[in-house]
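*Asks:* I have a structure here, written as structure tokens, and I will follow up with some questions on it.
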Amino acid sequence: MKITICSIGECMIEITNVEKELYNYSVAGDTLNFTSYLDQSIFNKFYLTAIGTSDINKGVINFLKKKKINTDLVKKISSKDLILCLYFSKNS
């Protein structure tokens, strides 16, 4: 029998400058990272959060599904968006 766990928190989009004028984005956040690393053979994983409805927010849903995290508790709010964190290399 699997253990059901629900993490609560915010997720964010990290935008990283890979090279000049080339950027990559990833989904992150302390509680989200914790949940994504849990062994899916042991845990039924749920994540409780709120996100927007833009395309970049849809990427969050895709990330959760890829990591086998249940999205039933993810609230979508059309007037909100995720926090963007920008990281620039010394060469940018």
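*Asks:* Defining a contact as two alpha carbons under 8 Å apart and six or more residues distant in sequence, what relative contact order in percent does segment 1-56 show?
*Replies:* That works out to 46 percent.
*Asks:* Heavy-atom accessible area of T4 with all protein chains present, probe 1.4 Å, nearest 10 Å²?
*Replies:* Roll a 1.4 Å probe over it and T4 shows about 90 Å².
*Asks:* Could you please put C11, C6 in sequence from largest to smallest accessible area, using a 1.4 Å probe?
*Replies:* The ordering from most to least exposed comes out as C6, C11.
*Asks:* Need one number for segment 1-54: average projected area of the convex hull over its C-alpha atoms, nm².
*Replies:* Details: hull surface 19.7 nm².
About 4.9 nm², averaged over all directions.
*Asks:* In nm, to one decimal, how far is the modelled label at L22 from the one at C6, with both set 7 Å along Cα→Cβ?
*Replies:* For the pair L22/C6, the computed spacing is 4.3 nm.
*Asks:* While we're on this one: Which number comes out as Rg/Rh for the chain once both Rg and the Kirkwood Rh are worked out on C-alpha atoms? Intermediate values should be presented prior to the final figure.
*Replies:* Details: Rg = 14.5 Å, Rh = 14.1 Å.
Expressed as Rg/Rh, it is 1.03.
*Asks:* Given Cβ point charges of +1 (Lys, Arg) and -1 (Asp, Glu) and nothing else, what value in debye, to the nearest 20, does the dipole of the chain about its Cα centre take? Intermediate results must be reported in sequence, preceding the final value.
*Replies:* Working: 12 positive and 9 negative charges, 63 e Å.
In debye, rounded to 20, the chain gives about 300.
*Asks:* A further question follows. Starting from the Cα of K20, draw a straight line to each of the lysines and keep only those under 26 Å, dropping any in the same chain fewer than 8 residues away.
*Replies:* K90
*Asks:* Continuing with this model, one more query. Short version: ³J(HN,Hα) in whole Hz for each residue of segment 40-51, in order, from phi by Karplus 6.51 cos²θ - 1.76 cosθ + 1.60 (θ = phi - 60°), x for Gly and Pro, what are they?
*Replies:* Each residue's phi maps through the Karplus curve to give 5, 7, 9, 10, 8, 9, 10, 10, 9, 7, 10, 9 Hz.
*Asks:* What whole-number value in Å² describes the accessible area per residue of segment 1-67 for a 1.4 Å probe? Could you put the intermediate results ahead of the total?
*Replies:* On the way: 4180 Å² over 67 residues.
Each residue of segment 1-67 exposes 62 Å² on average to a 1.4 Å probe.
*Asks:* Residues of segment 3-41 with backbone nitrogen within less than 20 Å of a virtual label 7 Å along the Cα-to-Cβ line of N70, please, listed as ranges.
*Replies:* Only 3-11, 31-41 fall inside the zone, counting backbone N under 20 Å.
*Asks:* OK, next. Give the angle, between 0 and 90 degrees and rounded to the nearest 10, that separates the Cα long axis of helix 55-66 from the longest principal axis of the Cα atoms of the chain.
*Replies:* That works out to roughly 40 degrees.
*Asks:* Now for a separate question. Under the rule of at least 5 residues apart or a separate chain, name every residue whose amide H is placed under 5 Å from the amide H of G52.
*Replies:* I77, L82
*Asks:* Oh, and also: Students often forget the sequence filter, so: which aspartates and glutamates lie under 20 Å Cα-Cα from K66 once same-chain residues fewer than 8 apart are removed?
*Replies:* Those aspartates and glutamates meeting the cut-off are E10, E14, D30, D39, D55.
*Asks:* Still on this structure: Of V18, L73, N57, whose Cα points farthest to the positive end of the dipole of segment 18-76 (charges on the beta-carbon: +1 Lys, Arg; -1 Asp, Glu; origin at the Cα centre)?
*Replies:* Of V18, L73, N57, it is L73.
*Asks:* State the percentage of accessible surface on the chain attributable to carbon and sulfur atoms; use a 1.4 Å probe and exclude ligands, DNA and RNA.
*Replies:* Heavy-atom surface of the chain belonging to carbon and sulfur, 1.4 Å probe: 54 percent.
The values are calculated or read from the model by the stated rules, or taken from the named source; none is laboratory data. Being a predicted model, the structure only gives us computed values, none of them experimental. When we count neighbours, we look across all protein chains shown, and the Cβ atoms used for this are built from the backbone with ideal geometry, even at glycine. With ligands, DNA and RNA removed, areas are computed over all heavy atoms of the protein, side chains included. Shrake-Rupley method; radii C 1.70, N 1.55, O 1.52, S 1.80 Å.
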